[in-house]
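A.B. asks: Quick one: this structure, given as structure tokens, is what I'll be asking you about.
Only the coordinates and a few stated rules stand behind these numbers; no lab work does. Fair warning: this is a prediction, and the values are worked out from it, not measured in the lab. With ideal geometry, Cβ positions are generated from the backbone for all residues, glycine too; neighbour counts draw on all protein chains shown.
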Amino acid sequence: MIAIYGGGRTRSLRVVWMAEEMGLDYEIRPVSLIETKSDPAFQAMNPAGFLPVLQDGDVTMIESVAMMEYLAVRYGPTPLVPPTDDPTWVRYKQFLHFGESSVAAVLNIAVGSKFAAPREHRDNWGAALAVDLAMNRSCVVANQLKATPFIAGDEFTAADISVAYPYLLAKFIGFQDRVDPVIQDYIGRLKARPAFERALARSNEKAA
Ligand SMILES: N[C@@H](CCC(=O)N[C@@H](CS)C(=O)NCC(=O)O)C(=O)O
């Protein structure tokens, strides 16, 4: 059985959503971000102590987008990944990584500042810059969505799961008013997918 450590608003949601879209059996092992840094069992899987972690037999993984790629290769083929000779593949691949590397990753500073920093350090220049960077880069997402209904083209793919994740945190982090309306509409459409609804419900059963 595939085990996904995380739950709640963590990036495990990407992996759970992917598993739901593919109809895979999996279990969520809820882990608190406070525990991961001091739990020897968790440290053995990811010495850096961040979430999510995926375990599947002998396989242990610590990168959410790579986990999605793993599921597609190990349990696919799936329409969530266009064939490499498909004209949408390059855009698919780029946005699959853009969602984490260019948007979600920079927002970690905003999340840490808002929820973990001492009160007097919460409104800091770096946290504001993190949101500014994410919003500036979001023009790439908005421009694509003005041309196609999904981020790689006419079909929903794993790249949509990757790109959607940071915008699902908009209200939580507090930048929802800055999200382009075309992205807000897109996120609304993605949230209505039955697989997303199931993924969110299971992720929230015992929030991390
Ligand atoms: N690139 C990693 C980022 C993982 C990440 O930043 N996870 C957050 C929770 S969603 C976390 O554990 N933050 C605390 C930390 O990095 O120590 C991925 O996509 O899995």
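A.B. asks: Scan the range 98-110 for residues that are touching a residue at least 60 places away in the same chain (Cβ under 8 Å) and within 8 Å of the ligand (Cβ to nearest atom) and jot them down.
C.D. replies: Let us first name the residues in the range 98-110 that are touching a residue at least 60 places away in the same chain (Cβ under 8 Å), namely 98-100, 103-104, 107, 110.
If the condition is that a residue be touching a residue at least 60 places away in the same chain (Cβ under 8 Å) and within 8 Å of the ligand (Cβ to nearest atom), then GLU100, ALA104 are the ones that fit.
A.B. asks: Let me ask something additional. Do the conditions hold for TYR167, that is, is it within 16 Å of the ligand (Cβ to nearest atom) and not aliphatic (A, V, I, L, M)?
C.D. replies: yes
A.B. asks: Within the range 132-167, how many residues turn out to be closer than 17 Å to ASP177 by Cα and surrounded by 20 or more Cβ atoms within 10 Å (Cβ to Cβ)? Outline the logic, then answer.
C.D. replies: Restricting attention to the range 132-167, the residues satisfying the condition of being closer than 17 Å to ASP177 by Cα are 132-139, 141-142, 164-167.
From what's left, surrounded by 20 or more Cβ atoms within 10 Å (Cβ to Cβ): 134, 138, 141, 164-167.
Counting residues in the range 132-167 that are closer than 17 Å to ASP177 by Cα and surrounded by 20 or more Cβ atoms within 10 Å (Cβ to Cβ) gives 7.
A.B. asks: Okay, moving on. With respect to GLU100, determine if the residue is under 28 Å from ASP132 (Cα atoms) and out of contact with any helix residue (DSSP H, G or I) (no Cβ under 7 Å at 6 or more places or on another chain).
C.D. replies: no
A.B. asks: Let me ask another. Considering each of ALA72, ALA104 in turn, give the residue that is under 16 Å from the mean Cα position of the chain (by Cα), under 19 Å from ASP180 (Cβ atoms) and not polar (S, T, N, Q). Even if it seems obvious, please write down each step before you answer.
C.D. replies: Details: ALA72 fails: under 19 Å from ASP180 (Cβ atoms).
Result of the check over ALA72, ALA104: ALA104.
A.B. asks: If I ask for residues that are within 17 Å of the chain's Cα centre (by Cα) and either near the ligand (Cβ under 8 Å from one of its atoms) or exposed (fewer than 14 other Cβ atoms within 10 Å of the Cβ) (or both), which ones from the range 33-65 would you list?
C.D. replies: If we filter the range 33-65 for residues that are within 17 Å of the chain's Cα centre (by Cα), which is where we start, we get 33, 50-54, 61-65.
Listed by number, the residues that qualify are LEU33, PHE50, LEU51, PRO52, ILE62, GLU63, SER64, VAL65.
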